[in-house]
Amino acid sequence: ALLLYDQMRMELAGCGSAVYVHLLKMLVRLADTDTVKMVVYHMEEANVRITSKMGRYILSTFYRAKDFEGLYKMFFSLLRRGMVPDATLLRYVLAVVDKAPTSIIQTEEL
């Protein structure tokens, strides 16, 4: 998926956020966290506003890959990048916190 995305990246430069939503939705199924990280980086470069819906897809990819630590890091990274979480996204993150191994949760971040 990473190679395919790298080939498509230049064509996505002028696309709106709806294209990124569909791309992120596909990556959830693949549980490909490396490609998701790359997509988020390029979205930031292209000044695409990350919505809560995109955030859910991004975090779902990490959840599906069972990368809880990556999920938390990405959540806080998205917040720093200006994403405003809606109630659904916050409920999702809290549900994941409840199911995750407690050793990876850093209380100072929460």
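The values are calculated or read from the model by the stated rules, or taken from the named source; none is laboratory data. Note that the structure is predicted; figures quoted are calculated from it, not measured. Here the Cβ positions follow ideal geometry from the backbone for every residue, glycine too, while neighbour counts run over all protein chains shown.
LEU30 - would you say it is at pLDDT 90 or above, surrounded by fewer than 16 Cβ atoms within 10 Å (Cβ to Cβ) and closer than 22 Å to ALA18 by Cα? Before the answer, list the steps.
Values: at pLDDT 90 or above: no; surrounded by fewer than 16 Cβ atoms within 10 Å (Cβ to Cβ): yes; closer than 22 Å to ALA18 by Cα: yes.
So LEU30 fails the test.
Every residue in region 40-78 that is assigned to a helix (DSSP H, G or I) and either farther than 19 Å from TYR92 by Cβ or among the aromatic types (Phe, Trp, Tyr) (or both), please. Spell out how you get there, then give the answer.
Step one: list which residues in region 40-78 are assigned to a helix (DSSP H, G or I), which gives 40-45, 52-64, 68-78.
Within region 40-78, TYR41, HIS42, MET43, GLU44, GLU45, TYR57, PHE62, TYR63, PHE68, TYR72, PHE75, PHE76 meet the criteria.
For residues that are assigned to a helix (DSSP H, G or I) and either polar (S, T, N, Q) or surrounded by 13 or more Cβ atoms within 10 Å (Cβ to Cβ) (or both), scanning just region 91-103, find the one that is modelled with the lowest pLDDT. Break it down stepwise before answering.
Kept after step one, since they are assigned to a helix (DSSP H, G or I), are these residues of region 91-103: 91-99, 102-103.
Okay, now just the ones that are also either polar (S, T, N, Q) or surrounded by 13 or more Cβ atoms within 10 Å (Cβ to Cβ) (or both), so 92-93, 96-97, 102-103.
On the way: TYR92: 81, VAL93: 84, VAL96: 80, VAL97: 75, THR102: 60, SER103: 54.
Applying the filter and picking the extreme gives SER103.
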